[in-house]
Amino acid sequence: MKNTYKVDFVNNTLTMTKAFEDAASNPTSQEYKLLQQIRADFPGLTIIRKTRRAPKKARPTKNLTYKHMEQYMSVFQNADKLLAQFEVVKECSKQQPSPYKFVRDWFEAQFPKYREQPDFGNNAPKVIDLAAFQKKQEEKKEQKGA
């Protein structure tokens, strides 16, 4: 077995995996003999089992690419207006320090419930004013800087 145990001489601990622990519980195995040898060499050694790493928290904006944003907007009745505004936002974003973040922030402001099923009724999303959006973004920057 590879990477099944690790001896930390500074903290005086032996960390082992579940697989190594299971194998060491068999008195005829190599792991058992190795563990007994280590315990004989270092009698004060603390033995602990390695715990599983917690899974990383999923990013809610994963796969939120320009292409997916366009696909989402294309299903609405006023898709032509939304896509036209989207192109303008993408052009304006080129002047920003982080163009993608600027576009994503606009998209999330335009579609706050984009993770849910879109409403295809007569309530087509209104196109938000780009100038007002940019003003809000700059106010946020000033608040963070202050």
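The values are calculated or read from the model by the stated rules, or taken from the named source; none is laboratory data. Computed from a predicted model, the values in this text were never measured in an experiment. Using ideal geometry, Cβ is built from the backbone for each residue, glycine included, and neighbour counts are taken over all protein chains shown.
Values as computed for the structure displayed
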item: Of the criteria (1) among the hydrophobic types (A, V, I, L, M, F, W, C); (2) more than 28 Å from the chain's Cα centre (by Cα); (3) modelled with pLDDT under 90, which one residue 34 fails; result: (3)
item: Filter result (within 18 Å of the chain's Cα centre (by Cα) and modelled with pLDDT under 85) within segment 49-97; result: 53, 54, 55, 56, 57, 58, 59, 60, 61, 62, 63
item: Qualifying positions in segment 61-107 - outside any loop (DSSP other than H, G, I, E, B) and touching a residue at least 40 places away in the same chain (Cβ under 8 Å); result: 72, 81, 82, 85, 88, 89, 92, 104, 107
item: Number of positions in segment 68-116 that are within 19 Å of residue 140 (Cβ to Cβ) and either of a type in the set (Ser, Thr, Tyr) or loosely packed, with under 12 Cβ neighbours inside 10 Å (or both); result: 6
item: Unmet requirement for residue 32, which otherwise passes all of (1) buried (at least 16 other Cβ atoms within 10 Å of the Cβ); (2) hydroxyl-bearing (Ser, Thr, Tyr); (3) outside the structural domain of residue 129 (by TED's automatic domain parsing); result: (1)
